Every structure is written in C-alpha cells, then in structure tokens.
Amino acid sequence: MANRKSKAVAKPYEPTPLERKAVASYKSREKKVAPLPAFVATTTDGSVRLDLDHPDLMTGYTLVAEAIKSNSLDYFTGCTSALASVCQKGGQVDAPTLNYAVAMVAGIEPRDQLESMLATQMAAVHLATMDTARRMATSGDLARYEAFDRSFNKLARTFAAQIEALKRYRSKGVQRVIVERVTVEKGGQAIVGNVTHGGGVDEENAR
C-alpha cells in the first residue's frame, strides 16, 4: 500500500492591525458607492460599439447616468463618446482606460451636469498628463524631454485650475456676512468692530 503523504493545511493569513483597519476603511467606502458597470468595446469593420457589462441594459445605463449626473441619453452618449475618444491605444478604444476615466468622473461625485462636464475635462486632462509623463520618461533626447516637460507642466497647472474652478462653483451659495458690533463704554467711548465667526472683534476702528 502506497504511503500517503499528509499535506499540511496552510494557515490562513492573519492581517496586521493596520491591515485590518485599512480593509475596514475600504469596505466602508465601498458600501457607500453604487456599483458602476464596465464598458466593453467591440470593433466591427472599423466601427466601435460600446456596451455595458450588465445583465439588464436599462439598469446598467441608469447606474452610469446617475454616477456622471447625466440628464438625458444625448448627454450620456456625448459624454461617454468624448471620453472614449481620448482613451485609445493603437487607434482603438481601450476599454480598461475608458472605464478608468468614467470611474474618475464618478469619483469626483458631480452634483449636476455642469460639474459633470468639468469632471469629464479633468479626467481627460489627467490622462493626457500621465501620457505626457510617460513620453517624457522615454523621450531619449534633451529636446524632446524639454518639450514634453513644458506640456506636462501646462497640463498639471490646468488640472490644478480645474480643481479650483470646481471648488468655487461648489461654494457659489456660500456668502460671508459681516456684522458690525458697537460697544459703548463708560464715558461715551464707542468701540466699533467686525464680528467674526467666533464672535470676537477683529479690530477697533474708533474710540
């Protein structure tokens, strides 16, 4: 009778406390985000067709439309087509890059269609920035390196400006109200100052 070698059962990996904390944090964020169906690109006779990888087309469309805050089929088609046009490799739409771009737009969490348009531009600029960085790293000569370096810096500044534009737009309803407080002390001296958020007086303007 052949000897049977007993196989040792592998001990399950025990995450470290920091790893468990990171996993819990990720799962907590994941629960708050609606699932985002992936796009699948199919090329037939030079024509590209984009489909959603979801068992129910309408549900899949609605999930993506909500994530990018699309108000119509026209906007949905235009937005995804625009992203697809900048997500190409070898003249063909690269589905993983497109899904990455759509995830970027969704991750910015646009609140309306205007924010969605800005988020779409931000995704396109980010892709261009990283592509320029790749070209810069493999430029091979100083002239090409410097040309890509200039483009990289312009794109990086554009992205920073887009972030500021989004911040300003999102704070459009916030107004600063300054209330002047007048305090009359003994002897009739008046202290006039601006009341800040904390309720203090910024400075004495007159006595």
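Coordinate-derived values only; no laboratory data. Fair warning: this is a prediction, and the values are worked out from it, not measured in the lab. Note that we place each Cβ from the backbone using ideal geometry, even for glycine, and neighbour counts take in every protein chain shown.
Quick one: net charge of Ala119's neighbours, Cβ under 15 Å, K/R +1, D/E -1?
Around Ala119, the surrounding residues sum to 0.
Quick check on region 36-170: take the gyration tensor over C-alpha atoms, sort the square-rooted eigenvalues as a ≥ b ≥ c, and tell me if it's rounded (a/c under 1.5), prolate or oblate.
Note, shape of region 36-170 comes out oblate.
How would you rank 116-122, 142-148, 126-132, highest first, on the average number of other Cβ atoms within 10 Å across their residues?
116-122, 126-132, 142-148
Please name which of Gly90, Ala165, Met58 has its Cα lying farthest along the dipole of region 36-170 towards the positive end, using unit charges on Cβ (Lys, Arg +1; Asp, Glu -1) and the Cα centre as origin.
The residue sitting farthest along the positive end of the dipole is Ala165.
Which whole-angstrom value gives the distance between the alpha carbon centres of region 68-86 and region 116-133?
15 Å
Measure up Lys89/Lys172; Lys69/Lys89; Lys89/Lys154 against 29 Å on the Cα-Cα distance and list the ones that go over.
In this structure, Lys89/Lys172 exceed 29 Å between Cα atoms.
Which value, in debye to the nearest 20, gives the size of the charge dipole of region 19-141 about its Cα centre, when Lys and Arg are +1 and Asp and Glu are -1 at the Cβ?
560 debye
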